[in-house]
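The values are calculated or read from the model by the stated rules, or taken from the named source; none is laboratory data. Keep in mind the model is a prediction, meaning the values are calculated, not measured. Cβ placement follows ideal geometry from the backbone for every residue including glycine, while neighbour counts extend to all protein chains displayed. Quick note on the areas: whole protein, heavy atoms, side chains included, nothing else; ligands and nucleic acids left out. Shrake-Rupley method; radii C 1.70, N 1.55, O 1.52, S 1.80 Å.
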Amino acid sequence: MIYYTFLLTPNEVVEELNITGVKAYPLVQTLGSMSFGFSQGWINTRQTTIVIISTDEGIEGVGESFGPARAIAEAVEGYCAPMILGKDPFNSSVIWDTVYGYLRMNSQKGILIEALSAIDIALWDIKGKVVGLPVYKLLGGAYRDKAHAYATGLYRPNVKNVKDALVEEALGYKRDGFFAMKLKIGHASPEEDLDILKAIREAIGNDIKLMVDANCAYDATEAISLAKQMEQYDVYWFEEPVPPEDIEGSIEVKNNTDIRIAGGECECTRYGFRELIRRRAVDILQPDVCIAGGFTEMQKIVAMASAWNMQCIPHVWGTNVAVAAALHCYAAIPNIPGKINPPEPYFEYDRSPNPLREDATYEKFILQNSYIDIPQKPGLGVTANIDFLKAKTI
Ligand SMILES: [Mg+2]
């Protein structure tokens, strides 16, 4: 077996690899009748930005960030690209800190960090391809070789009988073999949310884990009241009960319910997560590799989570490029805390309508008994379908 694509002899010197191209594909797909709602509104389009970085050795890397596509593409090509052309992808931390240094005044969170996330993911894809190893090996190795996937879905359907439709969707996830699923709340009144939660719990039984996600819909008082009423339905975690800016509110909710509080998908960088972690604002941290700063920053966030003995379960929402990146992160997250039989961390598997998800890559992920294999090919282990990207670029 050829393990490394190159091995230097003692007298050889490492040649620098050079970035020669940075291309962003802003993708938008309208959903039409597949539109769905959450606590902040209706999702009528799916959009994401795929970034391809090329090098003078002909090796290309792919990354993704799924915020506002046009804005992220412009940030990638118009702002970040001139700073990274000619640089060596193996200097990924140096590149990250250099670009962030320029961006700090303009964007410590949000679109520019999302652009940097997609770039960083592509650089790690290149690094893996050059040495012939999957990214998780470069991150320190896999604590697990498959991901225990839960279904993210159960959004607000655009139908007359919402409760029946959500119960049917939940039973579909059960039939698909999912061990856990997540229900969106906060779109309707708390009374209606509780009624739907009760109906789903009764339909799927007590053996399947059930989480709820409010996407920042409440203040602390409302969230605590709702949490106390949800405890009887064995809710495994309550995600983003309050807006991420309200760290004190999150702490208040966390200290007044038996349900675990999860959050962090809106947060960026080691600096943002430092606040969530040192203030113990949540029980479960949910950084997203496509938002928080790529693999380079995820390593630092995970290290802090480990040091503070806090669970870290990545948020995942994009195409199969994002899924692959998240799987490598997931594989390399240590057991927090370590023990002989640690519980498996959960892996978010978005099942909501996204026509871009599957066709962005040639490789597909297969769910078997609620598990997905960690990619084993070099780099991310997925290959972007450039023809599809071109066809969907706006
Ligand atoms: Mg969420």
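Here Met105, Met181 are screened, and the one residue that is of a type outside the set (S, T, N, Q), within 16 Å of the ligand (Cβ to nearest atom) and free of Cβ contacts under 8 Å to residues at least 60 places away in the same chain is Met181. Please state which of the following conditions Met211 fails to meet, knowing it meets all the rest: (1) closer than 19 Å to Ile313 by Cα; (2) open to solvent by less than 10 Å² (accessible area, probe 1.4 Å); (3) in a helix (DSSP H, G or I). Of (1) closer than 19 Å to Ile313 by Cα; (2) open to solvent by less than 10 Å² (accessible area, probe 1.4 Å); (3) in a helix (DSSP H, G or I), only one is false for Met211: (3).
If you go through region 310-368 and keep only what is open to solvent by 20 Å² or more (accessible area, probe 1.4 Å) and β-branched (Val, Ile, Thr), you end up with Ile340, Ile366.
Only one of the numbered conditions (1) of a type in the set (D, E, K, R); (2) over 27 Å from Gly172 (Cβ atoms); (3) open to solvent by less than 40 Å² (accessible area, probe 1.4 Å) is violated by Asp387, and that is (3). Has region 159-175 got at least one residue that is in contact (Cβ under 8 Å) with a residue 24 or more places away in the chain, within 16 Å of the ligand (Cβ to nearest atom) and touching a strand residue (DSSP E or B) at 6+ places or on another chain (Cβ under 7 Å)? The answer is no; no qualifying residue exists.
Residues that are over 17 Å from Leu380 (Cα atoms) and either in a loop (DSSP other than H, G, I, E, B) or free of Cβ contacts under 8 Å to residues at least 40 places away in the same chain (or both) within region 345-366 comprise Pro345, Arg351, Ser352, Pro353, Asn354, Pro355, Leu356, listed in sequence order. Checked against the criterion of being open to solvent by less than 20 Å² (accessible area, probe 1.4 Å) and within 18 Å of Val316 (Cα to Cα), region 195-202 has no qualifying residue. Would you check if Asn341 is over 16 Å from the mean Cα position of the chain (by Cα) and away from the ligand (no atom under 16 Å from the Cβ)? Here the answer is yes, as Asn341 does meet what is asked.
The residue pairs whose first member lies in region 319-331 and is in contact (Cβ under 8 Å) with a residue 60 or more places away in the chain, whose second member is open to solvent by 10 Å² or more (accessible area, probe 1.4 Å) and assigned to a helix (DSSP H, G or I), and whose beta carbons are closer than 6 Å, counting only pairs six or more residues apart or on different chains, are His328/Tyr136; Ala331/Tyr136. In this structure, Ile284 does not satisfy being closer than 20 Å to Gly110 by Cα and either more than 16 Å from the chain's Cα centre (by Cα) or of a type in the set (Val, Ile, Thr) (or both). Residues of region 367-389 include at least one that is in a helix (DSSP H, G or I), under 20 Å from Thr45 (Cβ atoms) and touching a strand residue (DSSP E or B) at 6+ places or on another chain (Cβ under 7 Å).
Within region 148-158, the set of residues being under 30 Å from Ser33 (Cα atoms) and either at pLDDT below 95 or more than 16 Å from the ligand (Cβ to nearest atom) (or both) comprises Pro157, Asn158. Applying the condition of being open to solvent by 30 Å² or more (accessible area, probe 1.4 Å) and touching a Phe, Trp or Tyr at 6+ places or on another chain (Cβ under 6 Å) to region 128-147 and asking which residue is nearest to the ligand (Cβ to nearest atom) yields Lys146.
Residue count for region 148-181 under the criterion of being over 22 Å from Glu239 (Cα atoms) and open to solvent by less than 20 Å² (accessible area, probe 1.4 Å): the result is 1.
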